[in-house]
Every structure is written in C-alpha cells, then in structure tokens.
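Note sheet for the following structure.
Where a number appears in this text, it was derived from the coordinates with a stated rule and is not lab data. Fair warning: this is a prediction, and the values are worked out from it, not measured in the lab. Using ideal geometry, Cβ is built from the backbone for each residue, glycine included, and neighbour counts are taken over all protein chains shown.
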Amino acid sequence: MSDVNHKFKNVIASDLSVGDALPEFELPITAKLVVSTAMASQDFQDVHHDKDAAIAKGTPDIFMNILTTNGFVGRYLTDWAGPGSRIKKIQFNLGAPNYPGDTMIMSGEVTELSQDGEHHLAHVNFKGKNGMGNHVSGTAIVQLATVAG
Amino acid sequence: MSDSSAADILERIKPLMHKRVGPYNSWNPVSRTQIWQWCSAMGDHNPLYLDDQYRAEHSEFSRDKAVAPPAMMQMWSMRDVNGNDGPGSTTDNLFEILAALEEEGYEGIMAVSYDQTFHRYLEEGDRAHHYSTIINVSDLKTTGIGKGFFVTQLAEFMDQNDELFAEARITYFKYQVPKKPAGASKPSAPGKINRIHPVENHDHEHFWQGLRDGKLLIQKCDDCGELRHPPQPMCEHCQSLNWSTIESKGKGTVYTYTVMHYPEIPPFDYPNAIVLVDLEEGVRIVSQLIGTKPDDIKIGMPVEMKLTEVQEDMTLPLFHAAGPKIEEKP
Amino acid sequence: MSNTLSRKAAIVGIGATEFSKDSGRSEMQLACEAVKAALDDAGLKGSDIDGMSSFSMDNNWENEILRQVGGKELKFFSRTEFGGGAACGPFVHAATAIASGLCDTVVIYRALNERSGLRFGSGQMMNNSPLDPNIINFSHYFPYGFMTPAAWIAFSARRYMHEYGATSEDFGRVAVAMRDFAATNPNAFFYERPITLEEHQASRMIADPLRLYDCCQESDGAVAFVVTSVERAKDLANTPAVIASARQSIVKESRMMTPFYGETLSGIPEFDACAGEVYSMAGLSPSDIDVACLYDHFSPWVLPQLEAFGFCDRGEAKDFVKDGHINRGGKLPVNPHGGQLGEAYIHGMNGIAEAVRQIRGSSVNQVEKVDHVLITAGAGVPTGAAILERG
C-alpha cells in the first residue's frame, strides 16, 4: 500500500487558521459505487441495488445509502487531516440523493480551532454538492495529529 | 388533518418514547475482511486502518489489529441480508412509534440528519452491539415533501465490555406521502439542475448573444446617444426606437451588494455574492462577484468583468475584484 | 387633481381565515370563507355585492366567488398587478367605482396558500413563459442565482446602511417591535413568542444584511373586506372606516422587486411620489396619524416608509425607531397586530384589517383614541397608500 500512503500528510494545529479551505474532492457516482458501498456497509435495502425496485418506489434510479455518505464524510476529513487525526464528532443533514451519473463535489472550511487538554481540535464545516444541490452538509470536529508528516 | 388530531396522535405515542430497546447484537466480531471491504469500496486508503507497519510506528493502536473507520460504527450490529438481527438480540420492537405513525397514515420515512460522537475507534476482535431509544417526536410539521413528524432516535453503540464507543442521534421525518394527482408522470431520469435560462425575446436577445460572442453590449440610442441597461425597445429620453450597441470595457465599481446564504438554490455555490455594478460607461448591471471573501466586499470597490461560460450555451459577465493597476512601461 | 373618491366610501366588513403554514384546503375555499365572514361582519348578504376587486396574483375568479357567496350580479370588477404592491389598489378602485356611482358595494379579497403551495421565497416562483413580464424582468437576475425577495431587498438595505449609517440592529428594532405586538395577538404566528434584539442579531444570515428575523414567514390564509358608500354605511352596525384618501403609485424608476437603476436605492420613490397627495386628498398631515399599518415583508423597508410619509426626516428613521416611537405605547404605533413579520404574510391585507379594527376600537392591541390610520402596500414594486378615518 506504500504507493498510496505517500499522499497522506498530517495537518497540525500550527498549519491552520480559521477560514482555511479544505481541498475539494470530486466523487463520480456510478452504479458500481452505489452497490459496492451499500454491500460493504451491510445495507441491503433494494433502493440501493435494484433499479426496478427503486423506480417502483418513486425514485428515478438507485441511490447512495446513508452509511456510505457517512463513510465518505469520514474519508474526506481524514484524507485532509491525515492518518494521525481522530474524528470526534460528525453532524450532517441530508439533501439531494446521489444517483449514478452525477458527481458529488465535497468542500469544507475550518470554522474554529480549539483545545481539549493536550489535543488540538479543528472544527470544520463541510458539504457535498451534486447536480441537484447539497447531498450532505454539516459540521465535524477532528482531533489533529501532534506531529507533522 | 386538523391540529387536534395531530395532538391526539402525539398524546398516544409520547408514552412510547424513552423506552431503551436492545441489545441488537452483531453477527461477527470486527474483522479485517469487513474493514478491507469498506475501505476498498469507499476508496479510503488511510494507513491507520489496514497498514500494520504504519500503526506500529505512528499510532497508539496495536500492530496486529486492523482499526475500523469510525463511520463504520452502525454497520457492525446491522441485520444480515435476510433481515435478521444478530444472535441473542432483543425481539422488542424499537419502532413501535414508527408503526403507530404508519397506522395514522404517516407512511413515508426519510432520514434527515445524523449527529454522531465517536468515543473510541474499534479494533479487530472487538464485538459491537447497540441500544436504541426514541428521544423526541416533534409537533406536526409541514415540509417540502409533506406533513409529518420529526422522530429522533438515540443509538448507543457499545463494545464487549458494555462501554460506549460511539453514539448517534438520528432524526427521521415520518410523513404522509402526498397523493399523486391522476396521470402523474413516472419519475424522470435524475438530471443536473442548471441555471435558469434568460428569456431571449426580441428586446433582449442581442444582449445574451453578445455575451456568447465575447462582448458585454450596452444599448445606445441612435438619436440622442443615451445608454441604457437592462434592454428596452424605446429610449426613455427621446422615445426613439432606433438603437445600436456599444461594447462595455467591463470595468466599474460596486454600488451595492448582498451575500446570499439561504435558501441554497442549486446549482449555485454558497455563500453567493451578488453585486450591482456602476459600469464606467454609466449604466448599472447586476452580476455575481467571484473570488472575494464576503467580509472584504465594500461599496465602491473597483471590479472588472470576466466573461465566463458557466454552463453549455450560457456565458455571463461575472465580476472580480480589480487588481492593482499595472503601469505599462514605455 | 380631483378629490372625488375622498370620504365617499367606507370599509364596513372585515373577514379572515386563520393564518397557517398549511391551510389544508383550496384557495377558493379560503376566499369564500373570508368573503362570507366579511359579509357577516358587515351585516350584508351576497346579493348586496355589485363589485369586486383583488390582486392579479390571486388565483380565484370573481364569478366563482360571487356564485358561492350568494351573489347575483357584478357591475364592476378589477385586478391590480404587482403582488403585495397591490394591497391598496383594490381600495382605490372600490372607492372610485362607488364615488362615480358605478356600483354600491364592493368585496375585496386575497386568498393564498403561499406557504403550502408555491412559496415566493424559495427562488422557484416563476413560470417559464417567455411572454410573462415577470420572467422577462427577472431574466437579468436569475442566471446569477439572484432570485429571492430577501436578496433583492438586501441591495436597498445595504445602500440605506451605507448612506445613513444605519445598522443591522436598526432593522432588528423593527422586528422586535413587530414581534412584541404579535406576542399578544392570538391570531399571530408568533403569539406569545417575542424576540429580543440579541436574538435578532444571533439569527442566521439569509441575504446579508438581512437576517432570519428581518424576513416575514410565508403563510396560508385569506382576508376579505366589504366597502360600501358612506351613506349606506350609516345604516350598518359597525363603525365605518372611511377611505379618506387612497392612491396607487408607479414612478419611472419602478420595477418588479428590482428597482436598481434609479438615482437612489435607499428610499422608496413610489412613496415619495404619492405621500403628499395621500395627505392632501384627506386634508390631513403626518401629525394627524394615530397608527400606521406599514408593509413589513422585510424589516429594513419600514424605515424609508417612515421618512417618505413625513414622520421623520430622511435618514432619521433609525433614531425614530430607536426612540421607541413605533412600539406599543409609542407616539406612532406601527402594525399593532404584529405586522407581516409577526402575524402573517397575507400580502398586506391583514395589516389593512388591523387598520379597520383600530378605527373600530376592537383590536387586541388597541391604541387609544384612533381617528386616522395610514396604510401602505408593498415596497420595491409599484404600490399604493391610503388613509382610513373613523366615521
């Protein structure tokens, strides 16, 4: 896995200021992604893998399940903050579904920096926007790594 | 449905609240295979989870045990593919409140928000179970998708030592599915929401075509020479119907502005700064201001236009803060 | 300018449905309920109606209402354009029609499910017909996402702050005053829910500088009135609210919600143009006004209305408001029903109903000794104003 490890870099408190933007992350939504992530998250509801069943329930296609949204929020935060970070809180509201063929663009911003004992915490606003609006928007608290690199 | 019947429903279901139901057990302990399957599907290459070497050298976790991404919290004690809870789970119905609402005609359900706190990351071999409690039911609310009640569930995720490793407040909207009018069409393919196209009628077409041709055009009266924007067929100064256009340099100053925060209307990015620009030529034009932080926008600030193709077949004169003037050396 | 409509007609009946977020019934039913209630209040029957007037954005046809409320024939009917800017127009039309002898008794109505139906604040209000003058006007704004009333109003609010040194708190004081009145009005959305200035300042930004509490809540509901000749009014039980003056107002700078191209954005040129005549037609001056029911869809635009109608000088409304003059017990209580910010957003018609109650002495927040009430229609659009007098 070393070929993918090298892109990870810990963000430390002294690197950050309120208002800093997190790098954007673009996620093309495919049927394979929707189905494979639903299975990986143990969500077997038919609207996440059976297009006919989804249409019968009034949606135009299968769509991403919530646990997967949660997973991508988690990934977005640690891709940015690095493997030395620890996620403390994630709060989000759900909006426009992620259907195959769409693209979700995740963006975020540091809104507050605080300390809990020896740990530095970054408070982050994030959203994942697709072609129909915000799929997900919320806030998170990430405990930052203490060493860079 | 009247408010009093909503009150009746609430009175009936409120006693069902605050009943802690569980445990819901897991089928399997936390395993490297399932973590791998999750990370692989999500494209999550964080070395903390599956790279033993990394963990040994750079983390508080043990070399030998894969670490589960925290967002996996809920899946360990989910039902299997056949809809069965893990062995030894309670047979109590957590969702009797939801069932009661369904009986009253509130059949739709949609998760609207998650609020999660992670106390510790699970490791390979840990064994999860959870308890659930309905902690709030709202008054009857009307939203874009119908009338219904917001129901909030507290899920407590515990490990083999009955210690809380994560908790979540999950809010659902339990709603009356609006009756479809007869002849309602089938759901259409999901499409990207685009900016609303302007009307390009006889009076306005030249303006939008000009933008597509790379020019911001201002109407000019052929008889009295007055400039005007937005376009209109008759000169308000001399009533002439004869007009042509001049090309604006696209430079001006902000006369007033707003920063739109809510509602977030797709496909726009928020906050969305809108400016009314006094163009040097002497007319005003509305546009978006790109690239300036909301707090830095000021009345009177110099701005300049950049023609931007925002989507297929739509070019707009978007404005940016004007850079410092660079004097050309002779 | 002739004054033939002054003191020729009076409002003798008011009726309304409840105001809600979801009426659960059709706009036609709301209209019929409110008209019937207004007739009952006046002590008249459907068959007494011979005229009707409403707004162009109302979806209920005159013939349908007439038939259902027991009417027989209309000699006069009219519609006024421009949403809330039309709140006073129907009274101008009714008084003119009655003064001219065209008809005798006019019903005015406004019924809308603007909350559970099409919400104007959602940015989705327009159809896409290339012939619709709304969509032609808004074509120069929608492509930028500039598509909510709050954002359009924000352009003017920002200029008002810039030119007169007003702040968000000055707008907040208007909202606090409206919510204070609403708190003691059982018919208001915000009954028993006053706010503080701190809460206003903490409320989320909608379209900078407008915060949540600067914006009215879209509402379902209907309001109706019966207007008749002052002679006939003498035979009826209610104290008549005589239309002492009424005027519509369009100026060359007027646009539909987007008056961005005139000399100034910090005032309301339509009111500047008509205020003098609204007073002179009635033979009154600002000091004669006991209560004002001003159009308050967004709090910032209450300030320039106070200036246009001569209650204070240009740019000084912020001080007038800060000194508490528009509050309960102030020298010019504004919107004692709680306004659209506190009671409901029925395109200003609920404010006119309050003006009639103040004249009658029957408001829940009754001001002492009310002889004259100023009413205004929507700001930022072609509009109108009127003065009602205790008959």
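Here are the numbers for the structure shown:
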| quantity | calculated |
| --- | --- |
| Point-to-point label distance, C:Glu73-C:Arg204, nm (Cα→Cβ direction, 7 Å offset) | 5.7 nm |
| Listed residue pairs exceeding 19 Å between alpha carbons, taken from B:Lys220/B:Lys306; B:Lys215/B:Lys306; C:Lys21/C:Lys45 | B:Lys220/B:Lys306; C:Lys21/C:Lys45 |
| The stretch B:251-323: translational diffusion in µm²/s, Stokes-Einstein, Kirkwood Rh over Cα pairs, 37 °C, 0.692 mPa s | 261 µm²/s |
| Rounded to whole Hz, the Karplus (6.51, -1.76, 1.60) HN-Hα couplings of the stretch B:192-203, x for glycine and proline | 6, 7, 9, 4, 5, 6, x, 6, 10, 8, 3, 7 |
| Net lengthening on full extension, B:Arg212/B:Ser240 (0.36 nm per residue, minus Cα-Cα) | 7.4 nm |
| For B:66-78, mean number of other protein chain Cβ atoms within 10 Å | 5 |
| Which listed pairs, of C:Lys36/C:Lys75; A:Lys88/B:Lys19; A:Lys129/B:Lys141; A:Lys88/B:Lys174, have C-alpha distances above 22 Å, in listed order | A:Lys88/B:Lys19; A:Lys129/B:Lys141; A:Lys88/B:Lys174 |
| Alpha carbon Rg of the protein assembly as shown, scaled by the compact-globule rule 2.2 N^0.38 Å | 1.07 |
| Per-residue mean of C-beta atoms belonging to partner chains within 10 Å, peptide C:227-238 | 0 |
| Helix-only CD estimate at 222 nm, as mean residue ellipticity for chain B, using -39500 (n - 2.57) per DSSP H run (n ≥ 4) | -4000 deg cm²/dmol |
| Average Cα contact separation per residue, the stretch C:247-391, under 8 Å, 6 or more apart, as relative contact order % | 33 percent |
| Distance in nm between pseudo-label sites at B:Ser31 and B:Glu280 (7 Å out along the Cβ direction from Cα) | 7.1 nm |
| ³J(HN,Hα) computed for each position of the stretch C:325-338 - Karplus, 6.51 cos²θ - 1.76 cosθ + 1.60, integer Hz, glycine/proline x | 5, 8, 7, 3, x, x, 7, 9, x, 10, 6, x, 7, x |
| Estimated inter-spin distance, B:Ala322 and C:Glu231, nm [label 7 Å along Cα→Cβ] | 6.8 nm |
| Loop-resident sites, the stretch A:53-149, for GluC sites (Glu not before Pro), counting at most 13 other Cβ within 10 Å (DSSP) | A:Glu118 |
| Helix-only CD estimate at 222 nm, as mean residue ellipticity for chain A, using -39500 (n - 2.57) per DSSP H run (n ≥ 4) | -7000 deg cm²/dmol |
| Mean ellipticity per residue at 222 nm, deg cm²/dmol - from DSSP H runs of n ≥ 4 across chain C, formula -39500 (n - 2.57) | -9000 deg cm²/dmol |
| Note, ³J(HN,Hα) from phi for the stretch A:21-27, Karplus 6.51, -1.76, 1.60, rounded to Hz, x at Gly and Pro | 8, 7, x, 6, 9, 10, 10 |
| Built amide H within the under 5 Å cut-off of C:Phe77, gap 5+ | C:Met52 |
| Estimated FRET transfer efficiency (C:Ser280, C:Leu131; beta-carbon r; R0 60 Å; 0.05) | 0.90 |
| 10 Å Cβ neighbours from other chains, averaged over peptide B:194-202 | 6 |
| Relative contact order computed over chain C (Cα-Cα under 8 Å; 6+ residues apart), in percent | 25 percent |
| Theoretical FRET efficiency, 1/(1+(r/R0)^6), r = Cβ-Cβ of B:Glu96 and B:Glu163, R0 25 Å, to 0.05 | 0.35 |
